[in-house]
Amino acid sequence: MITEQKVLLKDEFAKKIFRSEDCKEYVASVIAVLLHLKKEDVLNNLTLIDPEVNVNKNVKNQEVDVIYDTKENYVNIEINYRNSQDLRIKNNAYIAQLYLKQIQPKEKYQIKPIVQININNYDYYKKKKFIYHSVVMEEEYHIARDKNIEIFDINIDLLTEIDYNEIEKLNERDLKWLLYIFVCGDKRRRKEVYGESEMMKKVNQKVESYDDPLDAYLFYDKKAMDEAGIKQMIVDDTHKETAKKLLQMKVLTDEQIAEATGLTLDEIEDLKKEKE
């Protein structure tokens with residue numbers, strides 16, 4: 001059974017919040033806290049742009065999760081549910097494409113810095129830190145080689161280990177307070193933590209719009225699943241039993257089933273072999 005604490009950090013769900021005009025102040029707050037800027041300055045210059053960043057139609061992974069132009073830089077927000085080599089390559093490819101997209105023929109290079117914010121449901125470096133900040137750096141002297149690329153890895157899984165009473169003592173200038181909403185499946189606790197914050201009320205409205213169990217627990221094509229007549233699937237089946245049902249329905253790819261259940265592609269392949 002998927003634990004209550006982790007059901008909310010889903011990429012499609014989080015993308016809708018970070019792309020929402022209603023939650024723009026919230027997005028500005030996240031960026032401002034992370035980059036040590038004034039929220040009002042970020043908010044006044046924040047523009048959501050086309051997530052397709054490809055410079056070559058033949059390149060895979062052309063669409064980022066969320067990208068904003070702040071006039072000073074490009075901020076790419078990636079929601080990463082599970083760590084894998086493919087995911088790391090994909091996120092690096094986004095940075096490369098954002099860089100290349102700014103290089104125009106016969107024009108002087110004018111590169112806006114690229115800030116990639118990875119909101120991870122795991123500890124990227126396994127050092128039990130909440131925020132990791134990476135730049136391209138010379139190994140011995142620790143001198144930044146290129147200040148145009150910054151990567152922040154947020155270990156949102158760490159928030160599941162913090163008592164909500166501790167989060168409640170924080171405020172909107174703390175990233176833990178801002179992102180706790182993605183791991184708190186308890187409506188009452190969310191209200192206690194965020195109190196009368198108008199900004200967080202708007203975000204919480206988005207959260208509560210996903211309270212339907214199937215919506216909250218699974219990645220899926222809603223229209224296709226509804227048409228397949230599986231709206232009443234029991235969401236607290238074991239991961240493998242759920243995967244077996246999804247395989248039988250034949251409406252999702254193996255990758256989508258892996259995302260929905262937390263199983264690996266190898267495990268999905270083993271389940272397919274069991275059916276033969």
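Observations on the structure shown:
- Among LEU37, VAL136, VAL64 the positive-end extreme of the charge dipole of region 4-211 (Cβ point charges): VAL64
- Each residue of region 76-85 was assigned a 3J(HN,Hα) from its phi angle through the Karplus expression (A = 6.51, B = -1.76, C = 1.60, θ = phi - 60°), giving 9, 9, 10, 9, 10, 7, 9, 6, 6, 5 Hz with x at Gly and Pro.
- Overall form of region 65-111 per C-alpha gyration tensor (a/c, 1.5; a/b vs b/c): oblate
- Annotation: amide H of VAL66 within the under-5 Å range of ILE77, sequence separation 5 or more or interchain, hydrogens built in the peptide plane.
Coordinate-derived values only; no laboratory data. All of these numbers come straight from a predicted model, not from anything done at the bench. Note: ideal-geometry Cβ built from the backbone for every residue, glycine included; neighbour counts use all protein chains shown.
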